[in-house]
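Student: Can you read through this structure? Questions will come right after.
The values are calculated or read from the model by the stated rules, or taken from the named source; none is laboratory data. Predicted model, so just to flag it, every value in this text is computed and none were measured. Because the Cβ atoms are built from the backbone with ideal geometry, glycine has one as well, and the counts that use them run over all protein chains shown. Just the protein is used for accessible areas: all its heavy atoms, side chains included, with ligands, DNA and RNA removed. Shrake-Rupley method; radii C 1.70, N 1.55, O 1.52, S 1.80 Å.
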Amino acid sequence: MSIAKLALEDGTILIGEGFGAKTTHSGEIVFSTSMTGYVEALTDPSYKGQILMATYPLQGNYGVSHDWFQSEDVKVEAFVTRQICYNPTHHKSEISLPDFLKEEGIPGISGIDTRKLTLKIREHGSMKAAVSTEDISDEKLLKIVNDQENLQDMQLVKDLTVKEPKIFNENGKYTIALIDCGVKYNMINELVKRDCKVIQVPSSITSEELLSYGIDGVMLSSGPGNPENVDNVQETIKSISDKVPIYGICLGMQIIALAHGATTYKMKFGHRGSNQPVKNVTTGKVSITSQNHSFAIDKDSLEGTGFEITHVNLNDGTPEGLKHETLPIACMQYHPEAGPGPHDTKIFFDDFLSNMDK
């Protein structure tokens, strides 16, 4: 086992054991409270530009299978955990987590006090960081940390979005344009399960190009970074708002809100995990949801936009769901497709189909 270092922008340097690739990567360090689902999280495009720390102490115990991927490869910049398992046990396991990250060129660090680090992030907020499994001085590592760009300034979506349209389930009953801002495989899977023809399109698509597909509805995907940095999608969404049903997930919800005049802000440490309680304000029903986002919608800015809040987070009261008063538009801040997480909220996709029927 090699020595690894984790450096934070406040000057903190933690020493642990390295695993994965022998390299140095920087990003914004964030934590997730999920107890399982590390493969889905590592391959989630919404983590692009971030160093993921798991609060659950043991990671890698059931290995890695391609069946659990949410994109074609790992999207996190580095992985931080209290303990790493080198000998997994699971009938689907194809490779151990350390070997998988080595193949993917991603560094990892274990053997540090993740509980203490989580408390630091909760107190001071997400911060710039770097993980190195190489022989590097503290001074050089801290320089790498502080020289990196702020996450809210990065243009992440344009690097992740599909370059050319892709079609799934050619003969489906409904034709859905899925605007790819960092889509997860489960979003496509849930639509295909409901007999939808899914056309995965680039985030740069224009409204004219979108409507030329003869679509029945539009789904705006989740993705990484600041929603204000994908303004071209805002323009597209605004111009088709009265033409077809539009549903958005996570970043997609934020973009839809911005397109109609609301504002967003960067949260102190965001919501990440599979156990976020969300209340339906109409029915009073509470669902446990999967979430991964750094930005939220300012609820006071929704006045005059035509949107009403349908769901709220019971931990901090932030908006978790919106519905337009007159247009067929609805969106959720959480991940109804799970991957990882509970399946409480998959009815979101059924509502989408119902809206298209109407």
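Student: Between K143 and H343, take the C-beta separation as r, use R0 = 35 Å, and let me know the FRET efficiency to the nearest 0.05.
Tutor: With a Förster radius of 35 Å, E is 0.20.
Student: Heavy-atom accessible area per residue, the chain, 1.4 Å probe: how many Å²?
Tutor: 41 Å²
Student: Can I ask one more? Can you order the peptides 302-311, 329-338 by their average number of other Cβ atoms within 10 Å per residue, highest first?
Tutor: In decreasing order of mean packing, 302-311, 329-338 become 329-338, 302-311.
Student: Measuring from label point to label point, each 7 Å out along Cα→Cβ, what is the N232 to R115 span in nm?
Tutor: 4.8 nm
Student: Then there's this: Report, to the nearest 10°, how far helix 347-357 tilts away from the longest principal axis of the Cα atoms in the chain, using its own Cα long axis and a range of 0 to 90°.
Tutor: Value to nearest ten degrees: 30.
Student: Tell me the net charge near T24. Cut-off is 13 Å between Cβ atoms, T24 excluded, with +1 for each Lys or Arg and -1 for each Asp or Glu.
Tutor: Value of the local net charge: -1.
Student: Okay, helix-only estimate at 222 nm for the chain: each DSSP H run of n ≥ 4 adds -39500 (n - 2.57), divide by all residues, round to 500 deg cm²/dmol; what do you get?
Tutor: Calculated from helices alone, the mean residue ellipticity at 222 nm is -6000 deg cm²/dmol.
Student: If you roll a 1.4 angstrom probe over the protein chains with everything in place, what fraction of the accessible area of the chain belongs to carbon and sulfur, to the nearest %?
Tutor: 46 percent
Student: Taking only Cα atoms, what is the 0 to 90° angle, nearest 10, from helix 114-124's long axis to the longest principal axis of the chain?
Tutor: Roughly 60 degrees, rounded to the nearest 10.
Student: Amide H of T264: which non-local residues (sequence gap of 5 or more, or other chain) have their own amide H closer than 5 Å, using H built in the peptide plane?
Tutor: D298
Student: Which residues' amide hydrogens lie under 5 Å from the amide hydrogen of M127, considering only partners 5 or more residues apart or on another chain, with H built in the peptide plane?
Tutor: Correct list: I29.
Student: Still on this structure, I have one more. What pairs in K238/K323; K279/K346; K238/K285; K166/K238; K143/K266 have C-alpha atoms more than 19 Å from each other?
Tutor: Those over the limit are K238/K285; K166/K238; K143/K266.
Student: Full-extension gain between K92 and M127, please, as 0.36 nm times their residue separation minus the C-alpha to C-alpha distance.
Tutor: Working it through step by step, the gained length comes to 9.0 nm.
Student: Under a point spin-label approximation (7 Å from Cα along Cα-to-Cβ), what is the K285-K163 distance to one decimal in nm?
Tutor: My value for the distance between the label points is 4.3 nm.
Student: Taking only the alpha carbons of region 256-331, what extent do you get along each of the three principal axes, in Å, biggest first?
Tutor: That works out to 32, 29, 18 Å along the principal axes.
Student: Turning to a different aspect of this structure: Quick one: angle between helix 138-147 and the longest Cα principal axis of the chain, in degrees between 0 and 90, rounded to 10, please.
Tutor: Between the helix axis and the principal axis of the chain, the angle is about 20 degrees.
Student: Let me ask you something else. Label E134 and I309 with points 7 Å out from Cα along Cα→Cβ: what is the distance between them in nm?
Tutor: So the two model labels end up 4.7 nm from each other.
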